[in-house]
Amino acid sequence: MLVWVIYDITENSTRKKVSDACKNYGLYRVQKSVFLGDLNDNQRDSLSIECEDVIDEDIDSVYIFPMTQDSFNKVKLLGQAFNRELVSDSVITKFF
């Protein structure tokens, strides 16, 4: 299932750990603090636990949103919908 991971983390080292975890699960960076990709339920749960272990829940936030393909197909991209420096053309083609 498609999953969006969106986070707001204050410390650089913690932010890097969450970013690296997202990359390790094969997620694609869409914006600086936004990843998108396919994860099964177990992977989504594991990523959630990894993030929970490193963030400060009093000040940081991580959102992991599952999304059906049908819903994703209805996404509207407006303006500068993605940062081309962070997302390769092959990723753009895969999702958009």
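Things to note:
- Test: residue in region 65-87 that is modelled with pLDDT under 95 and buried (at least 17 other Cβ atoms within 10 Å of the Cβ): yes
- Residue pairs whose Cβ atoms lie under 7 Å apart, sitting 6 or more positions apart in sequence or on different chains, and linking a residue in region 15-27 that is over 13 Å from Gly37 (Cβ atoms) to a partner that is hydroxyl-bearing (Ser, Thr, Tyr) and surrounded by 13 or more Cβ atoms within 10 Å (Cβ to Cβ), are Val18/Tyr7.
- Selection within region 1-43 - assigned to a helix (DSSP H, G or I) and either crowded, with 16+ Cβ neighbours inside 10 Å or on the phi > 0 side of the Ramachandran plot (or both): Thr14, Arg15, Lys17, Val18, Ser19, Ala21, Cys22, Gln43
The values are calculated or read from the model by the stated rules, or taken from the named source; none is laboratory data. Since the model is a prediction, treat every value here as computed from it, not as a measurement. Please note: Cβ atoms are built from the backbone with ideal geometry, for glycine as well, and neighbour counts cover all protein chains shown.
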